[in-house]
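Asker: Can you read through this structure? Questions will come right after.
The values are calculated or read from the model by the stated rules, or taken from the named source; none is laboratory data. This is a predicted model, so every value here is computed, not measured. Quick reminder, even Gly has a Cβ in these numbers, built from the backbone with ideal geometry, and neighbours come from all protein chains shown. Ligands, DNA and RNA are stripped out before the accessible areas are found, and what is left, the full protein with its side chains, is counted by its heavy atoms. Shrake-Rupley method; radii C 1.70, N 1.55, O 1.52, S 1.80 Å.
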Amino acid sequence: MALDQPLTPMAPGLLRREAEDLAAGVARLVAGAQRLAAAVEPGDHGRRRPGPGQDFWQYRPHRPEDGARAVDWRRSARSDRLFVRETEWSAPQTALVWCDVRQGMQLAPSPGAAQKCERAAVIALALAVLLSRGGERVGPIVGAPPALGRLGVERTARALLTGASPETLAAHVRARAVIVFASDFYDPIDAWAQRLRPWAAAGARAVLLAVCD
């Protein structure tokens, strides 16, 4: 069921079965992504400049406007000057994920094997899990807003299973976000360039995850 399709009334029993199937799919997707993410050691991705955070960044000379409470007395005791201890800025970024679920992505290399869209969704969600563990906000490009922690991962998983047409992506541009597009990218290059151009103009950074077989 695509997000851009109109909703039609459903019998309560049919609605419940569809909801249960969707919930089971989300659980399988999250479990697979968690296993994949567990095999990866996330690296340091600090902002490389002073700001609010927990990790030490540098000492700098004390300025009058800092006041006495900002002085690092242990470091200052080794010099005839006063110093202030600065931390590295670690404000969370926003990472948005989209997975292509069109007909071409529903092919499998052999009977019983995972479809391309299923494999793409697991890998894309594993990236979201790693980013979430690093303190970033994650969420789908189309759907619920990004969030920290488990909530963001679950929102992303549900949206990856339902999908959204690539033609709708330009209507959801978010400035300075990190974007993950998962597809086989078999469409003409010009078509993808047109879809990605609004994101580039807004200062977003994109990761293109190609799953071809």
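Asker: Looking at ARG158, ARG205, which one is of a type in the set (Lys, Arg) and under 15 Å from CYS99 (Cβ atoms)?
Answerer: Matching residue, one of ARG158, ARG205: ARG158.
Asker: It is to be established whether one or more residues within region 147-170 are among the basic types (Lys, Arg) and more than 19 Å from ALA95 (Cβ to Cβ).
Answerer: Residues of region 147-170 that are among the basic types (Lys, Arg), as a first pass: 150, 155, 158.
Narrowing further to those that are more than 19 Å from ALA95 (Cβ to Cβ): none.
Within region 147-170, not a single residue is among the basic types (Lys, Arg) and more than 19 Å from ALA95 (Cβ to Cβ).
Asker: Any residue that is over 25 Å from GLY134 (Cα atoms), of a type in the set (S, T, N, Q), modelled with pLDDT of 65 or more and open to solvent by less than 90 Å² (accessible area, probe 1.4 Å) - is there at least one of those in region 59-76?
Answerer: Within region 59-76 (the criterion being over 25 Å from GLY134 (Cα atoms), of a type in the set (S, T, N, Q), modelled with pLDDT of 65 or more and open to solvent by less than 90 Å² (accessible area, probe 1.4 Å)), the answer is yes, since at least one residue qualifies.
Asker: Turning to a different aspect of this structure: How many residues are more than 19 Å from GLN106 (Cα to Cα), without any contact (Cβ under 8 Å) to a residue 40 or more places away in the chain and of a type in the set (D, E, K, R) if we restrict to region 147-170?
Answerer: Looking only at that region, the number is 2.
Asker: Just checking, which of ALA204, ALA210, ALA170, ALA147 is loosely packed, with under 14 Cβ neighbours inside 10 Å and at pLDDT 85 or above?
Answerer: ALA210
Asker: Of (1) in a helix (DSSP H, G or I); (2) surrounded by fewer than 20 Cβ atoms within 10 Å (Cβ to Cβ), MET105 satisfies all except one. Which?
Answerer: That leaves (2) as the condition not met.
Asker: Sort out which residues of region 131-144 are surrounded by fewer than 23 Cβ atoms within 10 Å (Cβ to Cβ) and in contact (Cβ under 8 Å) with a residue 40 or more places away in the chain, and write them in order of number.
Answerer: Scanning region 131-144 gives ARG133, GLY134, GLY135, GLU136, ARG137, VAL142, GLY143.
Asker: Tally the residues that are surrounded by 14 or more Cβ atoms within 10 Å (Cβ to Cβ) and in contact (Cβ under 8 Å) with a residue 24 or more places away in the chain, restricting the search to region 173-191.
Answerer: The qualifying residues number 11.
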